[in-house]
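Take a look at the structure below.
The values are calculated or read from the model by the stated rules, or taken from the named source; none is laboratory data. Since the model is a prediction, treat every value here as computed from it, not as a measurement. Here the Cβ is made from the backbone with ideal geometry for all residues, glycine too, and neighbour counts use every protein chain on show. Areas reflect the complete protein model, heavy atoms only, side chains present, ligands, DNA and RNA absent. Shrake-Rupley method; radii C 1.70, N 1.55, O 1.52, S 1.80 Å.
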Amino acid sequence: MTTTSATPRLAVRHLTKRFGALIANDDVSLTIAPGELHCLLGENGAGKSTFSACLYGLLQPEAGEIEIDGVTAELTSPAKAIASGIGMVHQHFVLVPSFTVLENIVVGTGSGLRLDMTAARGRILDLSRQFGLEIAPDRLVADLSVGEKQWVEIVKALYLGARLLILDEPTAVLTPQESERLFAIIQQLKASGIAVILISHKMNEVMRSDRVSVLRKGRLVGTVTTKDVTRDDLTMMMVGRPVAQVHARSKPGAGETALSFTGVSLAKGGRTHLKNVTLDLAAGEIIGIAGVAGNGQDELLEAVAGLVRPDSGSIHLRGEDIGALSVHDIARRGVGYVPSDRFRDGLVSDFSIAENLILGQHWDERWRSGPFLDETATRRSAEQAIASYSVMASGPDMLCGRLSGGNAQKVILAREFAKARHLLLCNQPTRGVDIGVIEFVHGELLRKREEGCAILLVSEELEDIFALSDRIAVMFRGEILGIFPRHEADIARIGPLMAGHAHGAAA
Amino acid sequence: MIADLLETSIIISVLAATVRIATPILLAALGEMIAERSGVYNMGLEGTMLMGAFTAYIGAYYTGSLWLGVVIAMITGGLMSLIFAFMVITLKVEQIVTGLALNLLGSGLSIFWLRAAFANAGQTPTTPFFDTVPLPLLSDIPFLGPILFDQKILTYVAFLLVPATWYFLFRTRYGLELRCVGENPKALDIKGLNVAARQYAAVVFGGLMAGLGGAFLTVGSAARFVPEMTNGRGWLAIVIVIAGLWRPVPVLLATLVFSFLDALQLQIQGIGVAIPYQLLLAMPYVCAILALAIRRSHSGAPAMLGIPYWRR
Amino acid sequence: MIERLGYRIEPRSETTARGRTLAVGVALAASLVLCALLFLAVGVSPFAAFQSLAQGAFGTWRAATETLVKATPLIFTGLATAIAFRARLWNIGAEGQVFAGAMFAYWCQSALAGSSAWIQLPVIIIGAMVGGGLYAGLAAILKTRFRVDEVISTVMLNYIIVFALSLLLLKGPWSEAGGFFEQTAKVDPGSILPILFDKTRLHLGFLLALIAAAFVYLMIRKSPVGFEIRAAGSNLRALEVQGTNSRRVILMVMLISGALAGLAGMSEVYGVHYRLKAGAITSYGYTGIIVAILGLLNPWGVVIAAILFGALVNGATFMQIKTGVPSALIYAIEAILLLFYLAGWAASSFKLKRIKP
């Protein structure tokens, strides 16, 4: 089961990939045996995605060679990778929502003019039976749950004949229960000799693999047998320095109520987004919302920010009903909003840092001199923000589209923290940023809390939620199924609620 | 006088005219539907049709063969759309801007060439034009016969294209792939299939059909070329694709509605009803806006329509 | 295809100014060559043709001022298009908005005929802006309230207003008494835009166009309104999330764009033709789109591109007389120029990369 079988399924030697001056993969070599679960561990930007894109023929390495089952493979296109037996499940699903499951799997395969759906259906049902993947071929993908979409993606790869399956962050969107299912499926795949590369940064998953390869800044730090190492060893290898675990914090303040939801419901496009949400948030308190993405968390924050209007119920900010106020008026009352998709909702990529920092406040007297914008004032404030948030940028005039994810997030935080005198709405503040920025964000959120700001935090990373929250609420299909003080909350109580199983919890 | 419109012979003539008038628009709209199914918005349809109309005319005039004129028009349409495809698929230039450039090119080139070719003639010469080909037996069916089965060959081609495109889109492997390109090109790309090649094919097919539709305007009916003679038909075809939800049969229905308005307008003018003709001529454009305003949502549109595909 | 030759087209991570200038320069040279081929095709020496084109455009003081006369409406429509495209609003309707501006100005002014120029001139200027703005505003409302794509609505509105003008002119309330053509009678002398230099036709409209360019420049670069326009062009959703009403922005951009286009119609009717007729105001809207793009959507770039195109139009008439090449050629040249320019600009953000040694 380890590395000693005769021919490895995959052997990569001295793979190097550059983007201009940046070296994304620097002389990476590793081997994977048939039936092995091999984990690729590394921070964001460590080169995991580049490595898998090279394996899948989406990128061409400058140097190095790849062997599959002992045969040198020229992986210049996905077609060649597929022909060599490599399959890949991408981090973001690559499915057509308006197609059926069957159509999604069949499209791009087969020969001749006519579609032969009967034979394809038979093979798909065989595959799903063999590996315990439950899929209904004739359902529309748009109607599937996140987990079901994941199974379709796996069947898609197997249907193309994959013997080496790359799973890129597959559990990022799954409930803990669905993750368990995934590992059961991986066991089946291994049993039939399929090698699996799991790209992940979640330690509890990494520890279930056979071997781990750790990447840092494009270099392979090392490949280790999992049972010989501890989590801390791996973290140390991944980050290159010890990570501070716990932030000191005061007791939750018994401040006055900053924000309260009373029976808030919202439906649009035939879907329930919020269902009778009632929740109070005190000044100086952080409530973390746990849940699988798409269960109403975005709408919960957007309703407070004024971007969507609830169908019923009311939202009060420091005692004032904000149901009829505009986005602008709500922000002026001291509310900051950090959206989850920072380049779509948070920043104007073609604008400079200075311009992005006044976005939404560009009519404000502070930034104007006469009818024109006061560039001196905006630049001065931008310089301050760059310094105090340690944004890695050439200056206030640097375009935000050129910033890395972490630095872009810092620009948004600088703007929204300045606005958030009383309430901060924070959606996925650590998504896609590396550990250094995560630590920074955690520290800043706790500092904001100490200042007496109320914080509503949404994150798919349970680690964020557990590290920061005073209370934890679990959302499922727009409903709050349970709310716990942090010391009473653990994965065993929260997991089932995230999947909608309300029993066993006093909601 | 309004009562005159209700006489059977008049109804037949209006409906037969509807089918005839529908021909060029239907050809262009079905081609555009295929192109848009691949995610590419060919806004250069007007100019492509115009060049089709012009080259069919000039081709038929110089070769003396109507069919050669038609072939030349299709080749021209194909070339125009190939330029478009290169610009928007390979170079990823904004589709709307490129389309406009193509429209201006069509309009400029056709006028220049017309003036250059017939500089000394007082009036541009006429060519012969296609006759109707009554289908045996079918054209004898009362009422329907003269409306549907006493038309020109290109008209039959246009109407047969409706089931043909339907079969292609929904029953063939390539149709499924094409729809996939318009919805999520990455899904095909990661299976190792060439997205750009499929888009090129779809756009060029659209160009061939627009060229053919344009040809119908000159060698199919008018027998001469007049500058700007497409007069917004290319744009109407684009509206029709939207109103027809990117599906062949609704596209046909939408085309017939617009053509019926046009046919009615001709008939009303013919009878001499005292409505200013400008109001009648403006009808299709007003209706186009109304049709889109009433529909509001763009359900049925390919998800990636108008968005160039970058492999990331 | 290209992969078989051992190359692959890849996007550049960064486009250098030099690369861009080079690519655009090559593209423009290629379009000149193509134009030369067109001249050869009609049997005229390209050299003689280009020479007569240049001579007709700038050969004399009068020719040069005439070039500026031709450039005037194009500056207005170019600015109108530039401002809309900056916000990524595809206003293709400058053509119709030129008509609307001219018609509304005429409607207001004809009621005041005989009064002082100090009344009539402001009325036609404001009238043109209101008319063009309202017609463009219609497309904005259709977009924000009824989700009608602005490309299609503005194109349809372009066709519709031609019929509306024809309705008013042909045996309509505006037709010239006893006249045979589709046009109004001559306008009141008090409403005519003053001539700037003696013995030329260069009129106040040109000065207004330069003022408009300066105004648009300051607005886009410095004002909060321009901030919103530029933000809308990059990421309208982020602007909305940050509390700016995107419907308001769309309406505002279209109103400004339409008002600028409307001025082109006024300037042609009251500065050049002295009567309202379709022929006086046709095609400036569409040409304005090319002018805007070649002018990099920058107000001063628009002025330069408009003068270049004014020169083309002006020179072409002379060229037709001298060489017999139909002046309609310039419409083809304009389109070819635009296509090559777009291709060159886009090509500079790609590179050919060898994938096989």
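Quick notes on this one:
- In the set A:LEU102, A:LEU133, only one residue is under 30 Å from B:GLY175 (Cβ atoms), assigned by TED's automatic domain parsing to the domain that holds A:GLU205 and in a helix (DSSP H, G or I); that residue is A:LEU102.
- Yes/no for A:GLY504 being modelled with pLDDT under 90 and either part of a helix (DSSP H, G or I) or within 20 Å of A:GLY296 (Cα to Cα) (or both): no
- When the residues of the range C:220-239 are filtered to those that are more than 8 Å from chain A (Cβ to nearest Cβ) and open to solvent by 20 Å² or more (accessible area, probe 1.4 Å), the one that is nearest to C:ALA261 (Cα to Cα) is C:VAL225.
- Among the residues of the range B:87-108, those that are assigned to a helix (DSSP H, G or I), facing chain C (nearest Cβ under 8 Å) and either surrounded by fewer than 24 Cβ atoms within 10 Å (Cβ to Cβ) or in contact with a Ser or Thr (Cβ under 6 Å, 6 or more places away or on another chain) (or both) comprise B:MET87, B:THR90, B:ILE96, B:VAL97, B:GLY108.
- Being open to solvent by 10 Å² or more (accessible area, probe 1.4 Å) and within 26 Å of the chain's Cα centre (by Cα) holds for only one residue in C:LEU165, C:LEU138, C:LEU202, and it is C:LEU138.
- Boolean, A:VAL101 is away from chain B (no Cβ under 11 Å) and of a type in the set (Val, Ile, Thr): yes
- Comparison of B:ALA201, B:ALA215 shows that the only residue that is among the small types (Gly, Ala, Ser), under 20 Å from the mean Cα position of the chain (by Cα) and surrounded by fewer than 21 Cβ atoms within 10 Å (Cβ to Cβ) is B:ALA201.
- Only one of C:ALA64, C:ALA29, C:ALA54 that is open to solvent by 10 Å² or more (accessible area, probe 1.4 Å), part of a helix (DSSP H, G or I), without any contact (Cβ under 8 Å) to a residue 12 or more places away in the chain and under 13 Å from C:LEU308 (Cα atoms): C:ALA64
- Test: residue in the range A:238-246 that is surrounded by 21 or more Cβ atoms within 10 Å (Cβ to Cβ), modelled with pLDDT of 85 or more and more than 30 Å from A:GLY482 (Cα to Cα): yes
- Qualifying position, being free of Cβ contacts under 8 Å to residues at least 40 places away in the same chain, of a type in the set (Val, Ile, Thr) and closer than 24 Å to B:GLU228 by Cα, among C:ILE321, C:ILE330, C:ILE289: C:ILE330
- Search result, residues across the range C:305-341 that are at pLDDT below 95 and either of a type in the set (Val, Ile, Thr) or touching a strand residue (DSSP E or B) at 6+ places or on another chain (Cβ under 9 Å) (or both): C:VAL313, C:THR317, C:ILE321, C:THR323, C:VAL325, C:ILE330, C:ILE333, C:ILE336
- B:VAL257 out of contact with any strand residue (DSSP E or B) (no Cβ under 8 Å at 6 or more places or on another chain), away from chain C (no Cβ under 12 Å), in contact (Cβ under 8 Å) with a residue 40 or more places away in the chain and surrounded by fewer than 23 Cβ atoms within 10 Å (Cβ to Cβ): no
- Total residues in the range A:163-174, condition open to solvent by less than 10 Å² (accessible area, probe 1.4 Å) and assigned to a loop (DSSP other than H, G, I, E, B): 2
- Within the range B:46-64, the residues that satisfy the criterion of being without any contact (Cβ under 8 Å) to a residue 24 or more places away in the chain and open to solvent by 10 Å² or more (accessible area, probe 1.4 Å) are B:TYR62, B:THR63, B:GLY64.
- For the range A:1-65, the strands (runs of 3 or more DSSP E) that sit wholly inside it and include 2 or more residues that are in contact with an Asp or Glu (Cβ under 7 Å, 6 or more places away or on another chain), farther than 27 Å from B:VAL195 by Cα and not aromatic (Phe, Trp, Tyr) are A:10-19, A:37-42.
- Of the residues A:LYS149, A:LYS156, the single one that is assigned to a helix (DSSP H, G or I) and either more than 11 Å from chain B (Cβ to nearest Cβ) or under 18 Å from the mean Cα position of the chain (by Cα) (or both) is A:LYS149.
- Tabulated pairs, the range B:139-158, first free of Cβ contacts under 8 Å to residues at least 60 places away in the same chain, second among the charged types (D, E, K, R), C-beta under 9 angstrom, 6+ apart or interchain: B:SER139/B:ASP150; B:PHE149/B:ASP140
- Every residue from the range C:309-348 that is more than 27 Å from C:THR65 (Cβ to Cβ) and more than 7 Å from every other protein chain (Cβ to nearest Cβ): C:PHE340, C:TYR341, C:GLY344, C:TRP345, C:SER348
- Residue match in the range A:322-345 (condition: assigned to a loop (DSSP other than H, G, I, E, B), under 12 Å from A:ILE412 (Cβ atoms), of a type in the set (A, V, I, L, M, F, W, C) and within 9 Å of chain C (Cβ to nearest Cβ)): no
- So C:LYS171, is it basic (Lys, Arg), part of a loop (DSSP other than H, G, I, E, B) and within 14 Å of another protein chain (Cβ to nearest Cβ): yes
- Qualifying residue in the range B:289-308 (condition: modelled with pLDDT of 90 or more, away from chain C (no Cβ under 12 Å) and touching a Pro at 6+ places or on another chain (Cβ under 8 Å)): yes
- Residue within the range A:396-407 that is touching a helix residue (DSSP H, G or I) at 6+ places or on another chain (Cβ under 6 Å), at the interface with chain C (Cβ under 8 Å from one of its Cβ atoms) and farther than 26 Å from A:ILE455 by Cα present: no
- Candidates in the range A:340-399 are the residues that are within 22 Å of A:GLU444 (Cα to Cα) and among the hydroxyl-bearing types (Ser, Thr, Tyr); of these, the one that is most open to solvent (accessible area, probe 1.4 Å) is A:SER388.
- Matching option when the condition is open to solvent by less than 20 Å² (accessible area, probe 1.4 Å) and within 10 Å of chain B (Cβ to nearest Cβ), among A:GLY42, A:GLY57, A:GLY110: A:GLY57
Let's see how each residue does on (1) over 21 Å from C:TYR286 (Cβ atoms); (2) within 14 Å of chain B (Cβ to nearest Cβ); (3) free of Cβ contacts under 8 Å to residues at least 40 places away in the same chain:
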site: C:PRO11; (1), (2), (3): yes, yes, no
site: C:ARG18; (1), (2), (3): yes, no, yes
site: C:THR21; (1), (2), (3): yes, no, yes
site: C:ALA36; (1), (2), (3): yes, no, yes
site: C:ALA49; (1), (2), (3): yes, yes, no
site: C:ILE83; (1), (2), (3): no, no, no
site: C:ILE92; (1), (2), (3): no, yes, no
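- Among residues of the range B:109-142, those that are charged (D, E, K, R) and crowded, with 18+ Cβ neighbours inside 10 Å, counted: 1
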